[in-house]
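A short write-up of the structure that comes next.
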Amino acid sequence: MFEKQMAGTDSRQNEKIAALRRDLSFFYRLHVPRNASSETLILLHGSAADETTLMPLATSIDPTAKLVAVRGRVVQDGDLRWFRRITPTRFDQASIRTEADAFAHFIGELTALHSLDPERIVFLGYSNGANLVSSVMLLHPDHIQRAALLRGMPVLDEVPAADLSKTRILTIAGENDVTYSPFAGPLVALLRQHGAQVDAHLVAAGHEFGTVDADIARTWLASQGSASQA
């Protein structure tokens, strides 16, 4: 179902997509299903995609959750990103910190405007989006309590002393992801070093995400008593 939703694509062709909102510091789409639960999934897309890319995956994970699909603010070589890159595995450190600070502020704006319960929010990030989520956790450890990181890697050259002991994280790496799978272990180790509870998975896939990711994420959320059974 999702194998074609990968970096370099978007799903703007999808019908009945929520309108793009521009009332906060990041543009976003808010989808509230008719039978909405108290859960919220905040979605951060990969590079060269847009904010709608993760919506089908998120709906499969929890069809009753409210979805907040956020658009990265950085445009590099014509593509949307969350921060600037130097090479595929080296990143502009000032850009990371600027955008992580801005996103931490956005979380506060968003929860206040839409009366979202921080304890019922899960951040779902893919690739570059996953890397921003992990950076926000390390730079602003009180802002994110739960996160699912797909195809992520460590991107901060200097990591501050952050207490993530109250943070629960799911990581999913693709064993055939030649460029980024070597960084999956170091990311897990970094997060655990700072006290996070990390559930790490390696799946038979490349950098693209698919139904196996949805299944793992759904099971992970259900084990915490927070996701509806699909």
(request) With θ set to phi - 60°, apply the Karplus curve 6.51 cos²θ - 1.76 cosθ + 1.60 along the range 195-209 and write out the HN-Hα couplings as whole Hz, x wherever there is a Gly or Pro. (result) x, 6, 8, 10, 9, 9, 10, 10, 10, 7, 7, x, 7, 5, 10
(message) Expected output is a single nm value to one decimal: the length gained when fully extending between V212 and T64, i.e. 0.36 nm times separation in residues minus the C-alpha distance. What is it?
(response) 51.3 nm
(message) I'd like the antiparallel share, as a percent to the nearest 5, of DSSP beta bridges with both residues in the chain.
(response) 30
(request) Quick one: dipole size for the range 64-166, taken about the Cα centre, charges +1 on Lys/Arg Cβ and -1 on Asp/Glu Cβ, in debye to the nearest 20. (result) 340
(message) Given points 7 Å out from each Cα along the Cα-Cβ axis, report the V32 to L202 separation in nanometres with one decimal.
(response) 4.4
(message) Show me, for the range 210-223, the HN-Hα J-couplings you get by feeding each phi into the Karplus relation (A = 6.51, B = -1.76, C = 1.60, θ = phi - 60°), rounded to Hz, glycine and proline as x.
(response) x, 5, 5, 5, 4, 4, 5, 5, 5, 5, 4, 5, 5, 5
(message) Is there a quick way to get the dipole size of the chain? I mean about its Cα centre, with the Cβ of Lys and Arg at +1 and of Asp and Glu at -1; what is the value in debye to the nearest 20?
(response) 340
(request) Note down the Stokes-Einstein diffusion coefficient of the chain in µm²/s, whole number, using a Kirkwood radius over alpha carbon pairs, 4 °C, and 1.567 mPa s. (result) 75
(message) Please give me the summed charge of the neighbours of P118: other residues whose Cβ is under 10 Å from its Cβ, Lys and Arg +1, Asp and Glu -1.
(response) -1
(request) Would you work out which of V159, V74, L187 lies farthest towards the positive end of the dipole of the chain, given +1 charges on the beta-carbon of Lys and Arg and -1 on that of Asp and Glu, about the Cα centre? (result) V74
(message) I'd like to compare 110-122, 40-52: which one has the highest average count of other Cβ atoms within 10 Å, and what's the full order after that?
(response) 40-52, 110-122
(message) Cβ neighbours within 10 Å, averaged per peptide: list 88-101, 56-69 in order, most packed at the top.
(response) 56-69, 88-101
(request) Could you go through the range 177-188 in sequence order and give the Karplus-derived ³J(HN,Hα) for each residue, using 6.51 cos²θ - 1.76 cosθ + 1.60 with θ = phi - 60°, rounded to whole Hz, and x for Gly and Pro? (result) 7, 4, 6, 10, 4, x, 8, 5, x, x, 5, 4
(request) Compute the distance in nm between two label points, each set 7 Å from the Cα along the Cα-to-Cβ direction, one at D79 and one at N176. (result) 2.0
(request) Rank-order 207-218, 139-150 by packing density, defined as the average count of other C-beta atoms within 10 Å over each peptide's residues, highest first. (result) 139-150, 207-218
(message) With a cut-off of 8 Å between alpha carbons and a minimum separation of six or more residues, what is the relative contact order of the range 20-223 in percent?
(response) 17
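Rule-based calculations on the coordinates, nothing more; no lab input. Just so it is clear, the model here is predicted, and its values are computed rather than measured. As a convention, Cβ positions derive from the backbone with ideal geometry for all residues, glycine included, and neighbour counts pool all protein chains shown.
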